[in-house]
Structure formats: structure tokens, C-alpha cells
Amino acid sequence: MCGIIGYVGPRPAQEVLLNGLERLEYRGYDSVGVALLDGSQIQVAKQMGRIAGLREKLAAAPLAGHSGIGHTRWATHGQPSDQNAHPHTDCSGHIAVVHNGIIENEAALRQELIAGGHHFRSETDTEVIAHLIEEADGESLSDAVRAIRQRLRGSYAIAVLDTRHPDEIVVARNEAPLVIGLGEGERFVASDIPAFLPYTRWVVPLEDGDTASLKRDELVLWNAAGERITRQPYVISWSAEAAERSGYTTFMEKEIHEQPRAWRETMRGRLAIVSPRQWELHLDEEAPKPQEWQRLHQLFLIGCGTAYHAAMVGGRFFEQLARVAPTVDLASEFRYRDPIIGPGDIAIFVSQSGETADTLAAMRLAKAQGATTVAVTNVVGSTLAREADRVFYIQAGPEIAVASTKAYTTQVIALALLALDLGHQNGQLNPERAMALVQALLDLPRLGESLLDQSAQWEPLAAAIANASSAFYLGRGLDWAAALEGALKMKEISYVHAEAYAAGELKHGTLALVEAATPVVALITQPHLVEKSLSNLREVKARGASVLAITSEGLSKAVGEVADAVLVLPDIDPLATPVLAALPLQVLALMAATLRGNDVDKPRNLAKSVTVE
Ligand code: M6R
């Protein structure tokens, strides 16, 4: 998983590429490089480490040229190193390639090319692409790239420069994202839109199988069948600043604080109370149709990581509101377990990026077996959004930090809206129950804002976890799903070992790990489970644990009698509490990571968008 940028136009390309790479660094950051075409010569600068290092090097020895390609890498084939950093060149030095994805038949191709006299300089799968293009016949670079695509197996987004075709970049996409930006007399290509947003808002997304030739005033596209095609550009409404940090120290902090606004966006134009006893839900054109809900056979909710936790919460919504018990699954498990799925089934795929490899594969499997597939995603034009039968955009705005925050809570709200819709369509919705939840959902932004206003007070609570080597997160029912997400957030960025358990499960083994001063974060927001949860708190307290309880105002007195510290959420309908509870869980993780001196936005070993299996 890597970030690609390409530029052809009148500007000095070096700055455009470096700026773009900085906006793509969330996709991978173990090494970085650029190739610029100046007249008849390609010059490459690449090295291990982050973009700031390359920027420094190029400030001292700039590269000239008005077209170029750049890459920020997250290693898959070959260790992070200067040699393995992209771009990669052919033997002659005429061709430079950047690539995101994995070429599965790399070993066979490499052997064949070496036997044919090619000399390799890296361990990467990407380098075979440069040598294959060198071998290919073709009048034009686009001919050559289209010809060698037949030889490649696996996922790839590539951008290619060739000294014999100056002022042109050729790009190709297969199961890895790539978008083109159209400026006045200039063309951009990138793995994600923010990379070129300071220069243009006009975007053409590529489909799997597409090849494109980009020149200053020209864009030529071919589809997988080799036919010349046109695709309608669309305009991006969010600004370049929306993708910047807007004064916060980290993107994660900014994105946590953006949540109340994001929740409003998720519900805007969709959910409203129109009279004291009446609410209305208007889902977009692309959302599941009433007749699809009405003939529902089985429901599946699928995602990875945080998106899976949102699906877990969503599963409870469908059960409570529509009396349908969905199968909630991890995409990486679902796709290999030979699931029983067919026409009449609806499978909802939750993914911020819409590019997660396992989620896409699971969606394609469900679709091939006849299910109606629904994408709940943030990224317009993402592969999931384009390939699923139906789409529900969570409208969270760009999420840059690797740790998912606003995408999680907006996914939860999106699933609540879909569950309300199904309950309405299948006649299972209890009107009072629904009204209470609708009211709560619409109250969330206001309550979230006031909760975040208190967040500075939580630092001592975070410090207690930051100083520990491991922590437990406990909850029952919806609180268990919230606990799973809280623990993931904590371990992902603070590197404190944090485990979440259904509170009733601890005594079946894991209680053995609880000892004096072990931090335990207990979620207790569901009134019907308070007594049971308090018993579980007493069990860990008896072993010396130090308990922080996150609870609602109405429950805080009873909970405060057992816990060592209490973080109080405003009272709200219990079904909506996972959204509010996410805020302190995210902030505690952020504070613990900051106290430990970690790079909050780019935690070690991780990348924002997991486009490999
Ligand atoms: O883009 P997606 O929502 O499909 O990503 C799924 C997971 O990789 C993602 O949620 C991951 O778990 C987050 N980094 C967690 O904060």
C-alpha cells in the first residue's frame, strides 16, 4: 500500500510532486522518491525514510523538469531501503515506474527477464514492470503499457514516464486506487484526491482495467477491453484546507473534534423530526430500495478493524429496530469461509476508504453469489462505492490520521439510519422506540460538542494507562463493541497492550492476568446491564485493578460507588451511547500516545488504507 502522484504541465514538477506526496504520506511512509523528465533525461531521487528527508535533499540539489512521478512506500516486496524505494527504472534508464499493489507473478517474470539479459537493481515486484515495458513493442508508451498489462497478475496502480515520450505520463489501474485531476493545461494523477486538490477540483476516477495517457491538454482513456472511452469528470466540493490540520497538532486530534460536525453531515437531508410525534427519513437514490428491504432473506454486516466494530454496533441496531439478526463478520474471515449467501440477501460492507482489499474481495464474493451489496463508505468514487449495488456515503470528510475516528462514529450513525429504514419497511419498528432514537441521533452533535469541551480534564486518566504495560477494556452488549474499539484505538497509537473483553467472559480465563494496579476501562452505559457489569467490576477490583468507568450521568452514582474514577457521558438513548462513548475512548488513546511521544497520525507498522490482503 503506497501513494502515487504524477504531474505533467507548465509548473516545475518537483514541488507539485513533493506537495502531493506529503498529502499521501498516510498511505505509507517507509521510503519516498520522485523521477522528473527534463528534456531527454530522467532523473531519480529516492531514499529510505520520510518525505521531509527527500525535501531537504532536493532543496540542496533540485531536479528540473515539468513532468514527473512520485511515490511514498509501505513495503510489501523487499525491505524498506534506498534501492527498493520507487521510482524504478529499466536497464536503459529510459523508463521510470511507480506502483501501488502487488504483482503476484513477479518471481516468474523476474526470472524470465533476467534470462533475457535484464539487470535488476531492487528486490521489488515493481521493477519487473519497468523491464517489461522496455521489452514491449509499440509505437507509443500507452501501447506498451497496455501490452504488458496482459502479463501482470495481481493488484496495481502504476504511473510511467518515458524519455522517448516527453510531456506524457501513462497510468494503469487494477484493484488499487487511482484518480486523475484536470487542470488548465495540466494533468495530475494520484492515489487519492487531496494530493492534487490545491491545484484542481476536477476529478476523473479510473476503473479497474483502465489505462490512461496524460498530456498537458489531453487525456486519453482505454477500458479493460482496450476500447477508447470517456469518463465524466466531477467536481470536488471539499477544500484543500479541509484536508489540512486546521490548527490542531495532529490530524487525529482535528478529526476527533470534527465529529459533531461530521455527524450533522451524515444526517443532513436524511433525518428530521417534522412534528412532535413524527420523523422522516430520506435515504439517497443510491441507498437500498424499499422492495429490496422487503424481500430481505439474510442480512450480513462486514468490515475490517474499526469498520468491523461499527458493524458490530450496527448489528445491534438491526436486531433492536428491525428484529433482524444480521451476521456480523470480519471481511478477511467471511471471504474464506464459504458463506451461505444468495439472492434476497443483503450484505452491507463498511469501509472508510472503500479500498480495503479484504472488504472489496468479500463484497465481490457476495455479489457474485447474488446478494445485493451495499457500500457504507466515506470516499466518493472509491472502488467499493462504484462496484457495490447500493451506496450510503457517511459524509465524514477526508480522514487522514491512520486511526479511524470520525469515520467510525459516522459509520455507526449511518447504520442506525439504515436499520431505521429496514424497520420501517418490514413493519417491525416500534414507533416510540424509533422516535426516542431519532431524537437522540439528532441530539448527538450538541452533546458531543459539550463532551469534547471537557476533554482536557481527561489527561490524568490517560496518563494512568500511558504508564502501564497493559490495560483491559470491558463492556456488555453495545458496550462490548465500544470496548473493542476503545482498546483498538489505544493499542494502535499508544502501543500499550490493550485487550477488550465482554465483561462476563473475563472470569473464564483472562482474569488470571489482572493484578495490582492493572488499568481497567469499563464501559457501563446500558441501564439493563448495570448490575451485571458492576459485579464484573467487583471481580477485577478484588484482584487490585484500578478501574476507570465510562458511564452515563443517570448511572454514575451507582457506578461511582465501585469504580476508582468515573468519566460521565450525558444521558441519551442507550442505543446512541456508542457514538458518545467513542469520544473519550479516542481522546484517552490520543493523550496516552502523545504522552508516550509517539507519532499519533502515523503509528508504526500501519497504513491508512490497507489495499493488500
Ligand atoms: O478503510 P477501511 O474502513 O476499510 O479500513 C478498515 C481498517 O483498516 C481500519 O478501520 C483500521 O482498523 C483503523 N486504522 C483503525 O483505527
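Read the figures in this text as sums done on the coordinates, not as results from a lab. Here the structure is a predicted model, which is why all the values come from computation and not from measurement. Positions of Cβ are backbone-derived with ideal geometry, glycine not excepted, and every protein chain shown enters the neighbour counts.
Odds and ends about this structure:
- Charge tally around residue 486: other residues with Cβ under 12 Å, Lys/Arg +1 each, Asp/Glu -1 each, net -2.
- Here the Karplus relation 6.51 cos²θ - 1.76 cosθ + 1.60, evaluated at θ = phi - 60°, turns the backbone of segment 55-67 into coupling constants of 4, 4, 4, 6, 5, 6, 9, x, 9, 8, x, 10, 9 Hz, with x for every Gly and Pro.
- Tensor-based shape of segment 251-452 (alpha-carbon gyration tensor, a/c under 1.5 rounded, otherwise prolate or oblate): oblate
- Anisotropy class of segment 3-243 from Cα gyration tensor, a/c 1.5 cut: rounded
- Here the chain is treated as an ellipsoid with the same Cα gyration tensor; its semi-axes, largest first and in whole Å, are 45, 27, 22.
- With helices as the sole contributors, the chain gives -11000 deg cm²/dmol at 222 nm; each DSSP H run of n ≥ 4 counts as -39500 (n - 2.57), and the sum is divided by every residue.
- In this structure, the amide hydrogen of residue 552, modeled 1.01 Å from its nitrogen in the peptide plane, lies closer than 5 angstrom to those of 569, counting only residues at least 5 positions away or on a different chain.
- Residues 250, 72, 611, sorted so that the one with the fewest Cβ neighbours within 10 Å comes first: 250, 611, 72
- Proxy reagent accessibility, fewest Cβ within 10 Å first, across 238, 480, 222: 238, 222, 480
- Relative to the Cα centre, the charge distribution of the chain, modelled as +1 at Lys and Arg Cβ and -1 at Asp and Glu Cβ, gives a dipole magnitude of about 880 debye.
- Relative protection proxy for 179-189, 552-562, 394-404, 434-444, from highest mean packing down: 394-404, 179-189, 434-444, 552-562 (other beta-carbon atoms within 10 angstrom).
- Shape class for segment 145-263: prolate, because the ratio a/c of the largest to smallest gyration tensor axis (alpha-carbon atoms, square roots of eigenvalues) is 1.5 or more and a/b beats b/c.
- Rg then Dmax, both in Å and based on the Cα atoms of segment 473-613: 15.2, 48.
- Looking at segment 237-378, the DSSP beta bridges with both ends there are about 20 percent antiparallel.
- Within the shell defined by Cβ-Cβ distances under 10 Å, the residues around residue 216 carry a net charge of -4, with Lys and Arg each +1 and Asp and Glu each -1.
- Interchain or long-range residues, amide H under 5 Å from residue 473's placed H: 499, 500, 501, 521
- If you plug the beta carbon distance of residue 538 and residue 443 into 1/(1 + (r/R0)^6) with R0 = 35 Å, you get a FRET efficiency near 0.60.
- Neighbourhood net charge (10 Å Cβ-Cβ; Lys/Arg +1, Asp/Glu -1) for residue 80: -1
- Annotation: amide H of residue 394 within the under-5 Å range of 377, 378, sequence separation 5 or more or interchain, hydrogens built in the peptide plane.
- Computed from backbone phi, the HN-Hα couplings of segment 304-319 come to 10, x, 4, 5, 5, 5, 4, 5, 4, 4, x, x, 5, 5, 5, 5 Hz, rounded to whole numbers (Karplus: 6.51 cos²θ - 1.76 cosθ + 1.60, θ = phi - 60°; Gly and Pro given as x).
- Extension gain (nm, one decimal) between residue 111 and residue 219, 0.36 nm per residue minus Cα-Cα: 35.4 nm
- Using θ = phi - 60° in the Karplus curve 6.51 cos²θ - 1.76 cosθ + 1.60, the 3J(HN,Hα) couplings for segment 539-546 round to 4, 6, 4, 4, 9, x, 5, 9 Hz; x is entered for Gly and Pro.
- Protection-proxy order for peptides 324-331, 224-231, 576-583, each taking the mean of Cβ atoms within 10 Å per residue, highest first: 576-583, 324-331, 224-231
- For the pair segment 63-84 and segment 293-334, the centres of their Cα atoms are 39 angstrom apart.
- Neighbour-count order for 200, 551, fewest beta carbons within 10 angstrom listed first: 200, 551
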